[in-house]
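Asker: Okay, here's the structure, questions in a sec.
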Amino acid sequence: MECSVNNQQDDYPVGEELISLLTRALQEAARAEGIDVRAEVGLTLVDDAAMQDLNREYRGVDAPTDVLSFALEEAGPGEPAYTDPGADRLLGDIVIAVPTASRQAEQYGHSLAREMAFLAVHGFLHLLGYDHRTAEEAARMEARQEAVLAGMGLGR
């Protein structure tokens, strides 16, 4: 799976090592979910102000959040699902607020790299339709996330 990372924030330095880790986390999640190598995902890193703008515009919540996902294969009411088996799969975009991720890493007692990888995998699973509205859905999603991260040596 191809992943492009776009760093649009200046609050925290994001080097090649972190970008490589995030790309690897997304590729591991894709592999675990049986996603074809022709799939593509965009990952954008932003500051809290940019995330607040996105959250307000797309979710009606006027506050920053840690991660947002924008699925491209998700069909809305009355729309057909996109299913061209020969085409590359454009799964969508994931946006992570780096300052929020940093605060959460400190709160949870682990590294920023681990928190960012967690958020990338979490956002990726949302692109595939995973959700956490019910306790059962949340448990299923958490198990998938933790399996990917543990496989990368980033378990809790």
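Asker: Can residue 89 be described as surrounded by 19 or more Cβ atoms within 10 Å (Cβ to Cβ), modelled with pLDDT under 95 and not hydrophobic (A, V, I, L, M, F, W, C)? Walk me through how you get there before you give the answer.
Answerer: Values: surrounded by 19 or more Cβ atoms within 10 Å (Cβ to Cβ): yes; modelled with pLDDT under 95: yes; not hydrophobic (A, V, I, L, M, F, W, C): yes.
In short, yes.
Asker: Could you grab me the full set of residues in the stretch 9-26 that are among the β-branched types (Val, Ile, Thr) and at pLDDT 95 or above?
Answerer: Looking only at the stretch 9-26, we keep the residues that are among the β-branched types (Val, Ile, Thr), and these are 14, 19, 23.
19, 23 - these are the residues of the stretch 9-26 that are among the β-branched types (Val, Ile, Thr) and at pLDDT 95 or above.
Asker: On the given criteria, is residue 53 among the acidic types (Asp, Glu) and part of a loop (DSSP other than H, G, I, E, B)?
Answerer: Working: among the acidic types (Asp, Glu): yes; part of a loop (DSSP other than H, G, I, E, B): no.
Taking the combined requirement at face value, the residue does not satisfy it.
Asker: Residue under question is residue 139, and the condition is that it be part of a loop (DSSP other than H, G, I, E, B), over 15 Å from residue 3 (Cα atoms) and modelled with pLDDT of 95 or more; does it hold? Full working, then the answer.
Answerer: Working: part of a loop (DSSP other than H, G, I, E, B): no; over 15 Å from residue 3 (Cα atoms): yes; modelled with pLDDT of 95 or more: yes.
No, not satisfied.
Asker: Just name the residue that is surrounded by the fewest Cβ atoms within 10 Å (Cβ to Cβ) out of those in the stretch 32-50 that are assigned to a loop (DSSP other than H, G, I, E, B) and of a type in the set (Gly, Ala, Ser).
Answerer: Checking each candidate, the answer is 34.
Asker: Could you tell me whether any residue of the stretch 7-18 is farther than 17 Å from residue 144 by Cβ, charged (D, E, K, R) and surrounded by 13 or more Cβ atoms within 10 Å (Cβ to Cβ)?
Answerer: Yes, the conditions are met somewhere in the stretch 7-18.
Asker: Still on this structure: Kindly provide the set of residues from the stretch 103-125 that are of a type in the set (Asp, Glu) and under 14 Å from residue 67 (Cα atoms), ordered by number.
Answerer: Residues of the stretch 103-125 that are of a type in the set (Asp, Glu), as a first pass: 106, 115.
Passing the criteria: only 115.
Asker: Limited to the stretch 50-86, what total is found for residues that are over 21 Å from residue 19 (Cβ atoms), acidic (Asp, Glu) and modelled with pLDDT of 95 or more?
Answerer: Qualifying residue count for the region: 3.
Asker: Quickly run through the stretch 107-156 and pick out the residues that are under 20 Å from residue 19 (Cα atoms) and either small (Gly, Ala, Ser) or surrounded by fewer than 14 Cβ atoms within 10 Å (Cβ to Cβ) (or both).
Answerer: Selection gives 111, 113, 117, 120, 123, 150, 151, 153, 155.
The values are calculated or read from the model by the stated rules, or taken from the named source; none is laboratory data. Here the structure is a predicted model, which means the values were calculated and not measured. We place every Cβ from the backbone using ideal geometry, glycine too, and count neighbours over all the protein chains shown.
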